[in-house]
Amino acid sequence: MKKQLYKANRFLLYVLPLLGVLSFVSCDDDDIKVDQQPGEFAMITSTLNADGQNRAFFLQRVSVDSTGSISNSNATELSPATGAMVHSFNGSIFFSDYAIGQMVKWDLDESNRAIKAGELSLTELVFQGNTAFKDNNTAFVGGLNTSIVIFDPTTMIKTGTIDFSAVSKIGESTDYPTEGGVYKGEAVSEIIIRDNFLFAALMPVSNIENFVPAEIGCSIIVVDLDKIDANTVGNQSAVVKRIYDERGSSTGAWGSGGGNSFMQLDENNDIYMLCHNFWANPFLRPGFKPACILKITNGETDFDQDYYFDVEDASRGTGNGVMNFEYYGNGKFLAAVQDPQAIDPENPFSYFVDPIFQWWSFDLKNKTASVVTEEYTRGALAAVSYFENGFGYVPFESNGENFVMKVDLDKLSATKQFETVGLPQLYSLD
């Protein structure tokens, strides 16, 4: 079992952004029939290659009115074989090939033509986290490094850094998960910006190769953006503090779900974060507390000790991991709830390849949850969704079938909208 766990840990480290999406495509391009309208959003589809590890990625515009099946024949191939996280900002798509440390910016015109608009090397981050965009000229991205990279998303030029080594614990001792450990690395898994503060989520590890955690709680670096010179390397004085809460594990998607966010800002300017307990991986989460939502209230830079939402207890019950944080407004979000009984205990990769999740809707205010669909999905961890006019368009994969599920967010009813060749992920072009 130790050997299996070792393999699972290494698998998680190198293909984290593709958790839960390893499955084969169910249909061929030649069989596609489609009623596709001009697209309001961008869709990335990824198809598994023969090696069973890397995937080919395709980009195209898609409409919520599309029906039938959509092929990749009119899409642009972004990479023939890799793993990637994707973000959208100001109408552009930012494709981060973490395997080679490269971020490429793509623009999609009205005729569905993808134009390469710039690229950025981020090899110094080793394994980059999710990107946060402040404005047209300033964006931030971290990784397995004690410096956050500042770059211009318009020109795709690196301009500066934020050095948080003064508050890093690398080299310090830790007794978690076993006595005598040391903080070996602290990765910035995700960043969120609120007003003039940047909040960077950390994933501390005591063993980088085997992905062993160095602490049980949630650590966040707080940065004062008023003290940042985007064109300066260092900016150490802008780092305000490091905050910590043991009620939940680490937050930050770190590319999982294809680039979705585990840190969300609501209409009241409150920050909510999903503490995921190792992305609901049953091979890594023993000993952790249930997955939960923590909060940093508007105007504050510390955790709100009066707010705690146990999302496992609210859905299937404690022990059923919860992944993803697809916020759709008014304190509500979609997430994938795991059924551990669906996991094959003899196969350490069952977590990645078997349909073991169901989509649920959660209410941050009432701390309740309701099931959206009883159908199980392999693609629950490829979660980037699109919301419009009271409907959610959600990636789904089950038994080799890939499609976009349409969810009535008021009735919480789900139907298949259109099939895809490869696992879909959806991004706004606004």
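The values are calculated or read from the model by the stated rules, or taken from the named source; none is laboratory data. Since the model is a prediction, treat every value here as computed from it, not as a measurement. No Cβ is skipped: glycine too gets one built from the backbone with ideal geometry, and neighbour counts run over all protein chains shown. Keep in mind that these areas ignore ligands, DNA and RNA; they rest on the heavy atoms of the full protein, side chains included. Shrake-Rupley method; radii C 1.70, N 1.55, O 1.52, S 1.80 Å.
Observations on the model:
- Summing Cβ point charges (Lys, Arg +1; Asp, Glu -1) relative to the Cα centre of the chain gives a dipole of roughly 760 debye.
- Mean Cα-pair separation over length for the chain, i.e. relative contact order, pairs under 8 Å, 6 or more apart, %: 15 percent
- Full-stretch length increase - Ser237, Glu346 - with 0.36 nm per residue and alpha-carbon distance subtracted: 34.2 nm
- Pairs exceeding a 29 Å alpha-carbon distance, out of Lys295/Lys416; Lys241/Lys289; Lys365/Lys411; Lys116/Lys158; Lys116/Lys169: Lys295/Lys416; Lys116/Lys169.
- Added length on full extension, which subtracts the Cα-Cα distance from 0.36 nm per residue, Asp430 to Ala99: 116.3 nm
- Distant-in-sequence amide contacts of Thr373, defined by a placed amide H-H separation under 5 Å and a gap of 5 or more residues or a different chain, comprise Trp359.
- Our summary gives the range 69-178 a relative contact order of 14 percent, counting only alpha carbon pairs under 8 angstrom and 6 or more residues apart.
- With the simple spin-label model, which puts each label point 7 Å out from Cα in the Cβ direction, the Ala50 to Asp107 separation comes to 3.8 nm.
- Carbon plus sulfur fraction of accessible area for the range 230-303, probe 1.4 Å, in percent: 46 percent
- A 1.4 Å probe over all protein chains sorts Glu374, Glu312 by accessible area into Glu374, Glu312, starting with the largest.
- Given R0 = 35 Å, the distance between the Cβ atoms of Thr123 and Asp229 translates into a calculated FRET efficiency of 0.90.
- Within the full protein context, the accessible area of Phe89 is estimated at about 50 Å² for a probe radius of 1.4 Å.
- The range 369-430: trypsin sites (Lys or Arg not before Pro) in DSSP loop, at most 15 other beta carbons within 10 Å: Lys411
- Per-q log10 I(q)/I(0), the range 359-412, q = 0.18, 0.19 Å⁻¹ (Debye; single scatterer per alpha-carbon; no solvent): -0.62, -0.68
- Relative contact order, percent, the range 192-278 [alpha-carbon distance under 8 Å, six or more residues apart]: 26 percent
- Between the alpha-carbon centres of the range 356-377 and the range 134-185 there is a gap of 33 Å.
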